[in-house]
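Please read the structure below before turning to the comments.
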Amino acid sequence: MPGSERPRFDIPLTRTIRVPDPYRVERWERIPELGPRILFFSGGTALKRTSRRLKRYTHNSAHLITPFDSGGSSAELRQRFAMPSIGDLRNRLVALADESIQGNPEIYELFSHRLSAEGSTAELRAGLDRLVEGTDPLVASLPGSFGRIVRTHLRSFRNHLSDSDTGFRGPFDLRGASIGNLLLTAGYLDNERDLDSAIFLLAKLLHVNGQVQLVSDVNLQLLATLEDGSEVEGQHLLGRSGGTLGRRIESVRLVSSGESSSEASAPLTEKSRRAIAAAELICYPMGSLFSSVIAPLLADGIPEALESSGAPKIFVPNTGVDPEQYGHSPSDAVDRLLNALGRSLEDPGGVLDLVLLDSSDSSYELPPDRDRIRNSRLELIELPLVDGGSEPRITAERLVEVLLSLA
């Protein structure tokens, strides 16, 4: 019958693949517009180089970002406007921006720029005024329409800032403020606190080759429980637990913001749920173990959405030193990841399939227990991921080649 839909079937298939597969990598480089839908749960900067490399091969990656950052200029914006953290969101948008389009290198530089970390309130406000007026070289160098849009958003942010000063404790601290964060905040406030609208506009402005969104859009904080039973609240403090205090983090959960913190929940956005369902490969990448990788997994509905997805799921443990991973080997990190998703190493079904390790133990602060992983229901992939130029970090090109081969 004309107009009727043909029946469709979901058929699970098993295939043998080569990792890395140079033919698949070459194919996607030729047609990145049709590249695979690889989804990342992450925040922070650890995936920045990988994201900049990945956009050469696919324009269809999805990035579900944690909104719980509590340090830097993001913290100042959260406190002033009672909003989710947007610093990691801005970072990923910039990483996926098309740097080849005319005018985009200047936009890229502007979004990456921060105001001075020093100076008086009056001096920093004057600097913001120059950006609004277009006399600052960062804005003056932008092509006409780009410059007008940026100035309009910065002017709007300045107006919101003036409105919010009344009755607030002290002036807004512009020291080290990211211009990209200010632009996103203006879009958020101008669109009735709808962050998707702000992301859409700025993604178009930057010609972002991928989908970037917060896994949940609530204003909450991370609370970590340490091995001695003590607790640490705030994402920016988690690294100090292992880095300076020498205490292992056991778990993290979400609490409400404010003076009287209480356990809270973060609903998974419907847009994020759809992105998980559409993914062809799901990656838990390297990054600060608890605040960047596990934090976005705390949103309500994540385990169920992952179980419903037929895409393979891969974890890439950190090489080098991660203060949040103090006392945890890569195999321990697998346990922590699975625990956050309500699973164990004996029963990882539905939420994790593969673990990718560098073939050299010297890449890790604590050596992985490979036999422990091999004896589980997980597939272990071991490849040389670190080279002399990136040591001790994973080389972006090698990781991208592996992910493209698996998708």
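The values are calculated or read from the model by the stated rules, or taken from the named source; none is laboratory data. Quantities reported herein were computed from a predicted structural model and do not represent experimental measurements. Every residue, glycine as well, gets a Cβ built from its backbone with ideal geometry; the counts of neighbours run over all protein chains shown.
A quick yes/no check of all residues on (1) basic (Lys, Arg); (2) more than 19 Å from LEU297 (Cα to Cα); (3) in contact (Cβ under 8 Å) with a residue 12 or more places away in the chain:
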| site | (1), (2), (3) |
| --- | --- |
| ILE179 | no, yes, yes |
| ASP196 | no, yes, yes |
| GLN213 | no, no, yes |
| THR225 | no, no, yes |
| SER230 | no, yes, yes |
| ARG240 | yes, yes, yes |
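Within region 144-159, the presence of a residue that is surrounded by fewer than 18 Cβ atoms within 10 Å (Cβ to Cβ), within 18 Å of GLY72 (Cβ to Cβ) and not β-branched (Val, Ile, Thr) is excluded.
Here SER309 passes the criteria (1) crowded, with 22+ Cβ neighbours inside 10 Å; (2) more than 29 Å from ASP228 (Cβ to Cβ) except the one numbered (1). Of the residues ALA97, ALA46, the single one that is in the same structural domain as PRO171 (by TED's automatic domain parsing), within 16 Å of the chain's Cα centre (by Cα) and more than 30 Å from SER162 (Cα to Cα) is ALA97.
Filtered by the rule that a residue be in contact with a helix residue (DSSP H, G or I) (Cβ under 7 Å, 6 or more places away or on another chain), surrounded by fewer than 24 Cβ atoms within 10 Å (Cβ to Cβ) and over 28 Å from ASP300 (Cα atoms), region 60-100 gives ASP98, GLU99.
Would you be able to tell me the number of residues in region 288-344 that are touching a Leu at 6+ places or on another chain (Cβ under 7 Å) and either part of a strand (DSSP E or B) or not assigned by TED's automatic domain parsing to the domain that holds SER42 (or both)? The number of residues fulfilling the criteria is 5. Test each condition in (1) modelled with pLDDT of 90 or more; (2) within 18 Å of SER292 (Cα to Cα) for ILE381 and report the one that comes out false. Checking ILE381 against (1) modelled with pLDDT of 90 or more; (2) within 18 Å of SER292 (Cα to Cα), the one that fails is (2).
Taking first residues from region 22-43 that are within 15 Å of SER272 (Cα to Cα) and partners that are among the acidic types (Asp, Glu) and modelled with pLDDT of 95 or more, the Cβ contacts under 8 Å between residues at least 6 apart in sequence or on separate chains come to ARG37/GLU280; ILE38/GLU280. Within region 373-382, the residues that satisfy the criterion of being surrounded by 15 or more Cβ atoms within 10 Å (Cβ to Cβ) and either part of a strand (DSSP E or B) or under 24 Å from the mean Cα position of the chain (by Cα) (or both) are LEU380, ILE381.
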